[in-house]
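Inspection log for the structure reproduced underneath, given as structure tokens.
The values are calculated or read from the model by the stated rules, or taken from the named source; none is laboratory data. All of these numbers come straight from a predicted model, not from anything done at the bench. Backbone-built Cβ (ideal geometry, glycine too); neighbour counts: all protein chains shown. Accessible surface areas use protein heavy atoms only, side chains included; no ligands, DNA or RNA. Shrake-Rupley method; radii C 1.70, N 1.55, O 1.52, S 1.80 Å.
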Amino acid sequence: MQNSKPSSKMFLDIVGKLKTLINEEGIKTGGKLPSERELAERLQAGRSTVREALRSLELLGLIETRRGEGTFLADFKKHQMVEVLSAFIMQQPGSLHDVKKTRRIHETAALSAICREEKLRRMPVWEGLLLKMNETGAVLREDVIREIIVAAGNRLSLKIWFLLKQYSMVPFGEMTDFEENRIIGTMLRSLQEGFEAETIESYEQWIERVEGE
């Protein structure tokens, strides 16, 4: 008797096609996806296969179904897997330390990549952050790190960083203070000059201060 459940290869194929469709259609967070029937036609797949793929994506919190309205693209940064996984991961001894260490690896790797490439060092975003600190006296901590990860150009690293940020429970949602501005200013100016060691040193000084709160 043949198994009616779609194979893992077929499932991954459908998920890949669905991702392509979302990109091509320009569907943003909160945007509505085509109906199950339309997806089956456009992806050239059985409705049962499409239904299973959508159900799995919904369980991961990547899409959400609203009764009587349809299926919508969810915000991956807020999906429930963060809370579900953290309930298990954070129970292990040393987990928080490992998460913080892994997050730092992504942050320092991004800084190193920027320091080594002149085009990235010359991006106007660094002057923009320095100007904002001088004019307003504060910037959002998360904005500084996010711009660094984004500038490095690794989209997967950015997605992983968002999740690690939530797990590590570091107060990135706070505004910087005077001393932080001084340290960040040194870090950004060193980055612009391509001084990798000095940039990393200032970064570590700043992050130690933030994580110590």
Rounded to the nearest 10 Å², the accessible area of Val150 using a 1.4 Å probe with every protein chain kept is 70 Å²
Give the long-range amide H neighbours of Ile63: residues separated by 5 or more places, or on another chain, with amide H under 5 Å away, using H modelled in the peptide plane at 1.01 Å from N. Glu58, Ala74
Mind giving me the nanometre distance, one decimal, between the label points for Val15 and Lys159, set 7 Å out from Cα along Cα→Cβ? 1.0 nm
In terms of solvent-accessible area of protein heavy atoms at a 1.4 angstrom probe, what is the ranking of Asp177, Asp75, highest value first? Asp177, Asp75
Whole-Hz ³J(HN,Hα) for each residue in the range 186-193, computed from phi via Karplus 6.51 cos²θ - 1.76 cosθ + 1.60 with θ = phi - 60°, x for glycine and proline: what do you get? 4, 4, 5, 5, 5, 4, 4, 8
Taking Thr65, Thr108, Thr176 and ranking on accessible area (1.4 Å, protein atoms only), highest first, one gets Thr65, Thr108, Thr176
Find the centroid of the Cα atoms in the range 177-213 and in the range 94-161, then give the distance between the two in whole Å. 11 Å
The correct pair for the range 103-190, radius of gyration to one decimal and Dmax as a whole number, both in Å and from Cα atoms, is 12.7, 33
At 1.4 Å probe size, with no ligands or nucleic acids counted, give the accessible surface of Lys132 in Å², nearest ten. 90 Å²
Add +1 for every Lys or Arg and -1 for every Asp or Glu among the other residues with Cβ under 13 Å from the Cβ of Gly137, and state the total. -2
So the label point goes 7 Å from the Cα of Glu118 along Cα→C-beta, right? Which residues of the range 181-213 then have their backbone N under 18 Å from it? 190-196
Heavy atoms only, 1.4 Å probe, whole protein assembly: order Glu180, Glu41 by accessible area, highest first. Glu41, Glu180
Which value, in Å² and to the nearest 10, is the accessible area of Leu131 when all protein chains are kept and the probe is 1.4 Å? 90 Å²
